[in-house]
Amino acid sequence: ARGRPDDHLEVDEMFTYVAVKINQVRVWIVQCHRTRQILSFFIGDGSMESCKRLWRKLPCEYLKCWSFSDFWKAYHCLPEQTHFLVGKKTGLTNHVERLNNTLRQRVSRFVRKTLSFSKKDYMLNLHFKLFAYHYNLNAVS
């Protein structure tokens, strides 16, 4: 689906592990509220640089849309004229939070307390790409 100027985006991150339990990585996700599609993702650490890399992967048509996230410190690097830090009770990040839960239910390597985890960064990236591709096929149009 094509982006529209009145779209709003939900941004969130979740953690998982690569190779060993102490090697924590974050999966950063931008989801369109209207279409429920995953617009971009980035796998990195919890830094502002990872957040910036996520934002650079976003399709151009969405760059001027309003976006909402929680209060994680790395989100302060997003454009302050269009990005808003909100609490979970506002409901403005409900869909991306639900997406994280769905991901944790369907892909064992994303479960918080598990013996399943990726042994290589590229395998984690590949599994998330496959999940996003199939998820976007079934998203609301």
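A few notes on this one:
- Any chance Arg104 is at pLDDT below 95, among the charged types (D, E, K, R) and surrounded by 12 or more Cβ atoms within 10 Å (Cβ to Cβ): yes
- Filter result for Gly46 (part of a loop (DSSP other than H, G, I, E, B) and surrounded by fewer than 18 Cβ atoms within 10 Å (Cβ to Cβ)): yes
- Residues of the stretch 25-38 satisfying the condition of being within 15 Å of Tyr133 (Cα to Cα) and open to solvent by less than 30 Å² (accessible area, probe 1.4 Å): Ile29, Val30, Gln31, Cys32, Thr35, Ile38
- Exactly one residue out of Glu97, Glu61 is within 25 Å of Tyr135 (Cα to Cα), among the acidic types (Asp, Glu) and more than 15 Å from the chain's Cα centre (by Cα), and it is Glu61.
- Residue match in the stretch 77-100 (condition: open to solvent by less than 30 Å² (accessible area, probe 1.4 Å), out of contact with any strand residue (DSSP E or B) (no Cβ under 9 Å at 6 or more places or on another chain), farther than 15 Å from Val25 by Cβ and of a type in the set (Gly, Ala, Ser)): yes
- Count - residues of the stretch 2-24 that are on the phi < 0 side of the Ramachandran plot, surrounded by fewer than 19 Cβ atoms within 10 Å (Cβ to Cβ) and not in a strand (DSSP E or B): 4
- Test for Tyr75: is it of a type in the set (Ser, Thr, Tyr), within 20 Å of Gly44 (Cα to Cα) and touching a residue at least 60 places away in the same chain (Cβ under 8 Å): yes
- Only one of the numbered conditions (1) of a type outside the set (A, V, I, L, M, F, W, C); (2) touching a residue at least 60 places away in the same chain (Cβ under 8 Å); (3) at negative phi is not met by Pro59, and that is (2).
The values are calculated or read from the model by the stated rules, or taken from the named source; none is laboratory data. In this text the structure is predicted, and so the values were computed from the model without any measurement. Every residue, glycine among them, receives a Cβ derived from its backbone with ideal geometry; neighbour counts consider all protein chains shown. When the accessible area is computed, the model is the full protein with side chains, heavy atoms only, and any ligands, DNA or RNA have been set aside. Shrake-Rupley method; radii C 1.70, N 1.55, O 1.52, S 1.80 Å.
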